[in-house]
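Here the structure comes first, spelled out in structure tokens, and everything after it is commentary.
The values are calculated or read from the model by the stated rules, or taken from the named source; none is laboratory data. Everything quoted here is computed from the prediction, not taken from an experiment. Here the Cβ is made from the backbone with ideal geometry for all residues, glycine too, and neighbour counts use every protein chain on show. These area figures cover heavy atoms from the full protein model, side chains too; ligands, DNA and RNA do not enter into them. Shrake-Rupley method; radii C 1.70, N 1.55, O 1.52, S 1.80 Å.
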Amino acid sequence: MGFYFAQFLTGLANASSLFLIASGLSIIFGVTRIVNFAHGSLYMLGAYFAYTLITTLDAGGFGFWTGVILAALIVAVIGAVIEILVLRRIYRAPELFQLVATFGVLLIIQDVTLAIWGAEDLLGPRAPGLSRAVRIFGEPIPEYDIALIIIGPVVLGLIWLLFSRTRWGVLVRAATQDREMVGALGVNQRWLFTSAFMVGAFLAGLGGALQVPRESVSLLMDLSIIGEAFVVVVIGGMGSVTGAFVAAVIISVLNAFGVLVFPQISLVLPFLVMAVVLIVRPYGLFGTAASAHGPPTVPEAPMKPMSIAGIAVVAAAVALVALLPRLDDGFILVLMIDVLIAMLFAASLHFLMGVGGMVSFGHAAYFGLGAYAAALAVKALGLPMLAAMAFGPLVAALGAMIFGWFCVRLSGVYLAMLTLAAAQILWGVTFQWQSVTGGDDGILGVWPARWASSKPAFFYLALVLSVAGLVLIRHLAHSPFGYVLRGGRDSPIRTEAIGIDLRAHQWLGFILAGAFAGLAGVLFAFSKGSVFPDALSIGQSIDGLIMVLLGGVQALIGPIFGASAFVLLEDYISRLDYWRAILGGVILVIVLAAPNGIAGGLSGLWQLVRGGRKTGERA
Amino acid sequence: MLTRRELQMALAAAIIAAPFAGGAAHAQDPIKIGEMNSYTRMAAFTEPYRKGWELALEEINANGGINGRPLEIISRDDTGDPAAAIRIAEELVNRDEVVMLFGGFLSNIGLALADFANQNQIFYLASEPLTDAIVWSNGNKYTYRLRPSNWMQTGMLAAEAAKLDATKWATIAPNYAYGTDAVAAFKEQLKALKPDVEFVEEQWPTLFKIDAGSTVRALEQSKPDAIFNVTFGGDLAKFVREGSIRGLFDDRPVVSLLSGEPEYLDPLGDEAPEGWIVTGYPGLAVNTPEHDAFETAYVDKWGEAPKTGSVVGYNSMMTIKTLLEQTPSLETDDLLATMSGLEVDSPTGPFFYRPADHQATMGAYVGKTGMVDGKPGMVDWVYADGADFLPSEEDAAKMRPAE
């Protein structure tokens, strides 16, 4: 009995930590609709500042708590700076574009933190006066855990007071429900958003600062918390602080008991719970349908079929690319193969997001499924390369069929989160199932067949398959099927009303996107000669999102620009010191200068040039 | 719009081709060697390693290089991603035309590079990866490994663990190949030495996300006589903190892999556990003439004490120096032939590369954790020669795939 109670209390203490960071994320999302990927970075900064303050102040209990609060305040100011400099300028950009911007911020903060505090983990002091354990039912419980168990609900109460008893809180709640109306009533939304972002950042900083007595402060804190924070926010319902609290308790307590029965479970447990909750309650426990979507976006220009001249230009471009092996210096082709694979992957994601209106945070699942299926087909089934290449996309399509069936029942951010859960569960299985997938040691020796093993031969194979895939995706987007998908994206109700089974179409779209991603994964496996769980990690999914959003969601050509820019940029920049900060900076510049992505920026420029010429003619 | 794509391609080609300049090799041309490691992803572990090989490189070139030719290391960040590592390896081998590759910290990147080396017929010296697979189940002709492996270091610990009168053991290890392999190797070797041991509990926390409180409770519940730990970094700090506050380590011996390495021990500060049986590196406390020379040079150059990675980085370069001095030519076949059985002198003593399984016999230090001059360090340590903890060359050869 005592043992289980102690385990329960441990779970509650973890829940408090998780709640602090998740509540801030939830508030930011609720008000600004920003999926703040840099929230983990704010949490990490809170921990680093608290470490520095506590060790410098070195003044017992008073110094400790002052340090914690000061650290959280500093992080709140940093949050305000981020909001004013970056996010404020792109609220009107397409939904989720801010995700890429916050990812850029995350990269910059990572390198700045490394430069300031160094690479080594920092172990702060324990909380003065709370450094021992007390016995409850004969079991030792750390005093600090009990303090955390109290702090969590206290913060929840304070947030509740702030939101229900102050004018600011009323305005924020109003903005959460109907932003246009609040604006129409003359409320200055800019400062409302900035202050809400500050509150969120403060909570993240507080969460990080309070971790100092529990764990060492390290550069890995940001990415290790952000996944779970998202999960908690989604389970609770985006924008609901109470929901975040309940969800944090559920996850942490389940985990505390889960490790007793099946220790490996902690890898996927949060994502399993999230998947189950979303299937049963599509908007999380306390969320509403309104919480699923960001601001309405500017409707995009209708798609036009490509003109004869356009087709000629594309054909010429492909022909030019096909001449690249003549220029090869041993590396150009390698890089180009990576670019082609990235293009196909990004285009498949764009088909899902841009055409189908279904945002996926876990598209890497199908890329990885294709790669693993091909690798296993070669290694375990002994299939030749071409057969394995056909097998990969089929398995990816099958995976997309299973997960897609659940995903298309949701919409907006919840759909995105379910795709993320699917990808994380698959990743966990791949990571864990060592006898089949080799775990994180991966599958080695997946090299192309002899006839395709020379670089030019494999390059042509990749070129043919990628171009075929890209043409097919474009063709699909222009087919009646593509029109139905876009209709469903722009107005699901009207689409259903004219007698179209939208879900079935979306499901098929999901499967097709999965198959194309799988094809990209197959090419990836053979080009690298090995497959590791990284192929279906969150990182791979985010790379895809960055490519699509950088390229521009509203143009079919976008992913091609985005993928080339991203791969070439990353390859070039990783030679430099502090390349993450540089990459983050470049992302921010593109995001701020071209909020519709590279394709949008270029066509804007084109309009400008053409418009300028016209006026010139008139004059 | 699409003409811009062409433009972009051409621009890309230009950027990529810019640093490329051809020319025949002259006697004074540097010997180019490719190196990569997870410098951003694993900065705390790879920085000392970089400082180690940079010191050795400086010394080699100050003494006239290799037969009059200076050494040039092209060093890259593999970003912690095996796919990126392969791409960089392609560039180093095909465009920069390096003679060989070395480096790697993460096991999966080491395995990917080893497989790449095999496919592209280039010599790869795996400096840091610990996985046994790299020389055994996935071993190949083109790959050698320097650092004492998982099997060797768990063997050193199993020898110490067998001396304890503990029979009921619990294990805690991060939930990925390194952790599972280490636990399996420890179990096998301890059981061989002491057949009556039993393992009563296993915990597999997620790497860098340990739920330390719950894990400690679960270990405590099984009431083991002793604990075998593989966690490291932030996980270890959390585990130590939660474990000591909850009395998990009271009157209970802990055997802990790699925890004596300064990279793992230093961040724990005055909370570092005392009396744990560990493998590691005592740093400045090693007092042999060869080590003193290395230590002085290192402290002079970097202003800090060497860590385990520093030794591995330094010994990698010592291996390369010895190899290049002895090899008849820079052709891969000659490099491989010279590597087989190559004897290398190093700050931690001489070692050689076993012909049968390509594993170096470089050893590690085994001792207990304790406080040395107010800082956490190793006490009562001895140097365990790697050769004593490897299976016979015959048995090792059987574990490798046929060539």
message: Just to be sure I understand the filter: pairs with C-beta atoms under 9 Å, separated by 6 or more residues or on different chains, first member in the stretch A:253-278 and in contact (Cβ under 8 Å) with a residue 12 or more places away in the chain and surrounded by fewer than 20 Cβ atoms within 10 Å (Cβ to Cβ), second member outside any helix (DSSP H, G or I) and not basic (Lys, Arg). Which pairs pass?
response: A:Gln264/B:Asn175; A:Gln264/B:Trp204; A:Gln264/B:Thr206
statement: With the first residue restricted to the stretch B:330-341 and required to be among the small types (Gly, Ala, Ser), and the second required to be part of a loop (DSSP other than H, G, I, E, B) and surrounded by 14 or more Cβ atoms within 10 Å (Cβ to Cβ), Cβ contacts under 9 Å at 6 or more apart or on different chains are B:Ala337/B:Thr327; B:Ser340/B:Arg354; B:Ser340/B:His358; B:Gly341/B:Arg354
- prompt: Would you pick out the residues in the stretch A:162-196 that are outside any helix (DSSP H, G or I) and within 23 Å of A:Ile82 (Cα to Cα)?
  reply: A:Val187, A:Asn188
query: Given the residues B:Thr171, B:Thr143, which is the only one that is over 20 Å from the mean Cα position of the chain (by Cα) and either open to solvent by 10 Å² or more (accessible area, probe 1.4 Å) or of a type in the set (Val, Ile, Thr) (or both)?
result: B:Thr171
message: So, in the stretch A:15-43, how many residues would count as being more than 22 Å from A:Val249 (Cβ to Cβ) and either open to solvent by 10 Å² or more (accessible area, probe 1.4 Å) or touching a strand residue (DSSP E or B) at 6+ places or on another chain (Cβ under 8 Å) (or both)?
response: 2
- prompt: When residues of the stretch A:143-159 are filtered for being farther than 17 Å from A:Ala248 by Cα and in contact (Cβ under 8 Å) with a residue 60 or more places away in the chain, how many remain?
  reply: 1
field: Considering residues of the stretch B:239-260 that are hydrophobic (A, V, I, L, M, F, W, C) and closer than 19 Å to B:Lys168 by Cβ only, the residue surrounded by the most Cβ atoms within 10 Å (Cβ to Cβ)
entry: B:Val255
statement: The number of residues in the stretch A:110-134 that are facing chain B (nearest Cβ under 10 Å) and either closer than 14 Å to A:Thr10 by Cα or not small (Gly, Ala, Ser) (or both) is 11
query: Of the residues in the stretch B:78-109, how many are open to solvent by 10 Å² or more (accessible area, probe 1.4 Å) and facing chain A (nearest Cβ under 9 Å)?
result: 13
message: Return the pair list, or none, for Cβ contacts closer than 8 Å from residues in the stretch A:382-393 that are free of Cβ contacts under 8 Å to residues at least 12 places away in the same chain and within 18 Å of A:Ser530 (Cβ to Cβ) to residues that are among the hydrophobic types (A, V, I, L, M, F, W, C) and open to solvent by 10 Å² or more (accessible area, probe 1.4 Å), at least 6 apart or on different chains.
response: A:Leu383/A:Phe391
- prompt: Residues B:Val183, B:Val200, B:Val216: which one is β-branched (Val, Ile, Thr) and out of contact with any helix residue (DSSP H, G or I) (no Cβ under 9 Å at 6 or more places or on another chain)?
  reply: B:Val200
statement: Across the stretch B:110-125, the tally of residues that are closer than 22 Å to B:Thr338 by Cβ, surrounded by 24 or more Cβ atoms within 10 Å (Cβ to Cβ) and facing chain A (nearest Cβ under 9 Å) stands at 2
message: I'm told A:Leu107 meets every condition in (1) out of contact with any Phe, Trp or Tyr (no Cβ under 6 Å at 6 or more places or on another chain); (2) away from every other protein chain (no Cβ under 14 Å); (3) open to solvent by less than 40 Å² (accessible area, probe 1.4 Å) except one. Can you identify the failing condition by its number?
response: (2)
query: Can you pull out the residues in the stretch A:502-529 that are surrounded by fewer than 24 Cβ atoms within 10 Å (Cβ to Cβ) and more than 30 Å from A:Ser453 (Cα to Cα)?
result: A:Leu502, A:Arg503, A:Ala504, A:His505, A:Trp507, A:Leu508, A:Ile511
message: Quick check on my filter: what residues within the stretch A:1-14 are within 19 Å of A:Val249 (Cα to Cα) and either polar (S, T, N, Q) or in a loop (DSSP other than H, G, I, E, B) (or both)?
response: A:Gln7, A:Thr10, A:Asn14
- line: Filtering the stretch A:255-272 down to residues that are assigned to a helix (DSSP H, G or I) and closer than 19 Å to A:Ile226 by Cα yields A:Asn255, A:Ile265, A:Ser266, A:Leu267, A:Leu269, A:Pro270, A:Phe271, A:Leu272
message: Tell me which strands (runs of 3 or more DSSP E) are completely within the stretch B:205-319 and hold 2 or more residues being hydroxyl-bearing (Ser, Thr, Tyr) and more than 12 Å from every other protein chain (Cβ to nearest Cβ), or say none if there are none.
response: B:254-260
- request: Count, please, the residues in the stretch B:67-77 that happen to be facing chain A (nearest Cβ under 9 Å) and either over 23 Å from B:Phe232 (Cβ atoms) or buried (at least 23 other Cβ atoms within 10 Å of the Cβ) (or both).
  value: 1
- request: Given the conditions (1) in contact (Cβ under 8 Å) with a residue 24 or more places away in the chain; (2) on the phi < 0 side of the Ramachandran plot; (3) not assigned by TED's automatic domain parsing to the domain that holds A:Val436, report the number of the one that A:Gly604 does not fulfil.
  value: (1)
- line: Expected single match for polar (S, T, N, Q) and under 30 Å from B:Ala173 (Cα atoms) among A:Gln506, A:Gln424 is A:Gln424
- line: The condition from (1) surrounded by fewer than 16 Cβ atoms within 10 Å (Cβ to Cβ); (2) more than 14 Å from chain B (Cβ to nearest Cβ); (3) under 15 Å from A:Ala525 (Cα atoms) that A:Gly445 misses is numbered (2)
task: Kindly indicate whether any position in the stretch A:193-201 is over 19 Å from A:Gly79 (Cα atoms) and out of contact with any Phe, Trp or Tyr (no Cβ under 9 Å at 6 or more places or on another chain).
output: no
query: How many residues are open to solvent by 10 Å² or more (accessible area, probe 1.4 Å) and touching a Lys or Arg at 6+ places or on another chain (Cβ under 9 Å) when one looks only at the stretch B:126-138?
result: 4
query: From A:Ala248, A:Ala201, which residue is crowded, with 23+ Cβ neighbours inside 10 Å, outside any loop (DSSP other than H, G, I, E, B), within 14 Å of another protein chain (Cβ to nearest Cβ) and not polar (S, T, N, Q)?
result: A:Ala248
task: Determine which single condition A:Ala422 fails, assuming it passes every other condition in (1) within 18 Å of the chain's Cα centre (by Cα); (2) under 30 Å from B:Ser137 (Cβ atoms); (3) away from chain B (no Cβ under 14 Å).
output: (2)
- request: Kindly state which helices (runs of 4 or more DSSP H) lie completely within the stretch A:38-151 and contain at least 2 residues that are touching a Pro at 6+ places or on another chain (Cβ under 8 Å).
  value: A:39-57, A:60-85
